[in-house]
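What follows is one structure encoded as C-alpha cells, with my remarks underneath.
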C-alpha cells in the first residue's frame with residue numbers, strides 16, 4: 001500500500017527542478033552494478049540496504065529526490081526518510097529507466 005503522504009515527482013518535473021534548483025539533493029539507491037547503466041550528474045549514491053546506517057549523511061531539511069531503476073525501491077526509501085524526519089523528500093516515480101527512455105537516451109534501459 002502506498003502512503004499518500006509520499007511526494008511523487010515525474011522525470012520531467014525533476015528535469016525542470018534541476019534546471020531551476022541545481023542544489024537539490026539527488027539520492028540514487030540502486031546497487032553499485034546498476035550505476036553502469038547511467039547516473040544523473042551529482043547524485044549521492046547510497047544503496048537501499050545501506051540507507052538506515054547512512055541516513056545521517058543526508059540533511060533532512062534539504063529538498064531531496066530519491067531515485068532507483070523503476071521508482072519502487074526509491075518510494076520505499078522515501079517513505080523511510082519521511083518517517084525519520086525528512087520534510088521535503090520526493091520519489092522520482094518513473095525511475096532511471098524512464099529517465100533513460102525519455103530524458104537522456106545515452107543511458108541504458110534495463
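What follows draws every value from the coordinates through simple rules; no lab data is involved. Given the structure is predicted, the values throughout are model-derived calculations rather than measurements. Neighbour counts run over all protein chains shown; Cβ positions are idealised from the backbone, glycine included.
Helix 72-83 sits at what angle to the longest principal axis of the chain, using alpha carbons and giving 0 to 90 degrees rounded to 10?
Roughly 20 degrees between the two axes.
Once the Cα atoms of helix 11-20 and of the chain are each reduced to a long axis, what angle between those two axes, in degrees from 0 to 90 to the nearest 10, is obtained?
For helix 11-20, the angle is close to 80 degrees.
Looking at the square roots a ≥ b ≥ c of the eigenvalues of the Cα gyration tensor of the stretch 1-71, which shape do they give, rounded for a/c under 1.5, prolate if a/b is larger than b/c, or oblate? Present the calculation step by step, with values, prior to reporting the outcome.
Details: a/c = 1.27, a/b = 1.12, b/c = 1.13.
Because its axes are fairly even, with a/c under 1.5, the stretch 1-71 counts as rounded.
Based on the mean of other beta carbon atoms within 10 Å per residue, what is the order of 90-98, 72-80, most packed first? Mind showing how you got there, number by number?
Working: 90-98: 22.7, 72-80: 20.4.
Descending packing order for the listed peptides: 90-98, 72-80.
Given the DSSP H assignment, sum -39500 (n - 2.57) over each helix run of at least 4 residues in the chain and divide by its residue total; what's the result at 222 nm in deg cm²/dmol, nearest 500?
Computed ellipticity for the chain at 222 nm equals -8500 deg cm²/dmol.
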